[in-house]
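Right, one structure below, let's go through it.
We did not get these values from a lab; they are worked out from the coordinates using the rules stated. It should be emphasised that the depicted structure is a prediction, and the values quoted were computed from it without experimental measurement. Note that we place each Cβ from the backbone using ideal geometry, even for glycine, and neighbour counts take in every protein chain shown.
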Amino acid sequence: MNQWISNYVQAQKAALDSIPADGVAQLVQTMRTALQQDRQILVFGNGGSAANASHFATDLGKGASDKVGKLFRVLSLNDNVSWMTAIGNDYAYEDIFLRQLRNYGRPGDVALSLSVSGNSPNCVKALEWAKANGLRTVALVGAKRGRMAEIAEQVIVINDTHYGRVEDAQMGICHLLCYAFIEHPEWAK
């Protein structure tokens, strides 16, 4: 068991090492622009990525906003279960983010999606709509990249396909985006 744990930790370190500093710096700038222009940041994903989307919205909307003194307008599209189930039941599960984006998204807003495979049909459809309607599109994906990496303007690829390791690294990116402003509120100006 100890060897398995050591191997897992080594693989997790390699996944974290694949986070590109330049790519994250560009995303910090995207968050900064959204804040300065009073744009919404709409974030979404499935499974563990849904939990990461909610966690990110909390940390950016509360933690970073508190330190910066200006409010990030961030919303996780995973957090309204009744709306998601109504859309899934009445239309299709692959429309659960697309139909919310149609209500919320405006040109210049940011659509940020997280997926290990990069091929989640509901995330793909939402990013396609976002791109076609003038939203900034961001995808955090695993090594398979998938369709989301082809659609999004800004893409960060974690060089692994293991769901746990990729989701952990993606949450690390989300924390970097938040703590950039929590620890350096002057970067919001």
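Build a GNM of the chain with springs between Cα atoms under 10 Å apart, and of ASP22, ASP38, ASP66 the one that fluctuates most is ASP22.
Hey, fewest Cβ within 10 Å first, where do ARG102, ARG39 land in order?
Taking fewest neighbouring Cβ atoms as first place, the list is ARG102, ARG39.
Run the numbers for HIS184 and LYS13: contour at 0.36 nm per residue of separation, minus the present Cα-Cα distance, in nm.
Working it through step by step, the gained length comes to 59.0 nm.
Taking the chain as the region of interest, the number of lysine pairs whose Cα atoms are within less than 27 Å, with members eight or more places apart or on different chains, is 9. Computed extension length for ASP90-GLN29: 18.2 nm, one decimal, from 0.36 nm per residue of separation with the Cα-Cα distance subtracted. Among the listed options (i) 20.1; (ii) 16.6; (iii) 17.1, the one matching Kirkwood radius over Cα pairs in Å as calculated from these coordinates is (ii).
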